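Notes follow the structure.
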Amino acid sequence: MAMSFQAKQAMVAEVSDVATRAHSAVLAEYRGLTAGQMDQLRISARHGGAYLKVVKNNLAKLAVKGTDYECMSDAFAGPVILGFSLEDPGAAARVISEFAKSHEALKVTAVSFNGQLLPGDQLDRLAKLPTRDEALAQLMRVMKAPIDKLARTTREPVAQTARAMAAVRDQKQAA
């Protein structure tokens, strides 16, 4: 069924809005997937913090025009699904990478991060980026390490003195 002009405008506006807020984008060809499998992919994307949309190629080109993902315009060919990471840069890449492991029909054709177009085989580089919570945990660990080392360093002379006094006490009791 053909889309009306207003529906096309609304879709372009929606995808364009998401593209301006997104951290990264993934473009994958879904030829060979069933409707049920596509629903599974959409559900996992929703839970994974990603936005997925099947968009006609011409509409997708219009939607990404003027965004960091305009570099993907030449990659729009065939039946493709466009995924954007909304929560962290690797969200869409993780969702699509996990799904592609069990569904070989899903083939990643392009990845975009910071306005740079990467080939589809670079998906794992983006998927391995830490989530926001993991990045904050790593930062806290790095910030906490010097404080822990200072505490251990200042505590050690006291511990050595206590061990020496205990050794002297043990010698006196043995004698």
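Here, each number is a calculation from the coordinates, and none is a lab measurement. This one's a predicted model, so the numbers in the text were calculated from it and none came from an experiment. Every residue, glycine as well, gets a Cβ built from its backbone with ideal geometry; the counts of neighbours run over all protein chains shown.
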Which lysines, if any, have their Cα less than 22 Å from the Cα of Lys8, not counting same-chain residues under 8 positions apart? Lys53, Lys56, Lys61, Lys65
Say each of Ala175 and Lys56 gets a label point 7 Å from the Cα, pointing the same way as Cα to Cβ; how far apart are those two points in nm? 9.9
Once both axes come from the Cα atoms, what is the angle between helix 132-174 and the longest principal axis of the chain, in degrees from 0 to 90, rounded to 10? 10
For the chain, set up a GNM with springs between Cα atoms under 10 Å and report which of Gly32, Gly49, Gly120 has the largest fluctuation. Gly32
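What is the magnitude of the charge dipole of the stretch 130-175 about its Cα centre, with +1 placed on the Cβ of each Lys and Arg, -1 on the Cβ of each Asp and Glu, and no other charges, expressed in debye to the nearest 20?
Details: 9 positive and 5 negative charges, 35 e Å.
The calculation lands at about 160 debye.
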Simple spin-label estimate for Ala2 and Asp124 in nanometres, 7 Å along Cα-Cβ: 4.6
Under a crude label model (7 Å from the Cα following the beta-carbon direction), how far is Thr153 from Lys101 in nanometres? 4.2
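Can you divide the C-alpha Rg of the chain by 2.2 N^0.38 Å and report the result to two decimal places?
On the way: Rg = 26.5 Å, N = 175, 2.2 N^0.38 = 15.7 Å.
Normalised by 2.2 N^0.38 Å, the Cα Rg of the chain equals 1.69.
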Which of Leu33, Ala75, Ile96 sits farthest toward the positive end of the charge dipole of the stretch 5-129, with +1 on the Cβ of Lys and Arg and -1 on the Cβ of Asp and Glu? Leu33
The size of the Cβ-based charge dipole (Lys, Arg +1; Asp, Glu -1) of the chain about the Cα centre, to the nearest 20 debye, is 640
Could you point to the residue in Val64, Leu150, Gln116 farthest towards the positive end of the chain's charge dipole, with +1 and -1 charges on the Cβ of Lys/Arg and Asp/Glu respectively? Leu150
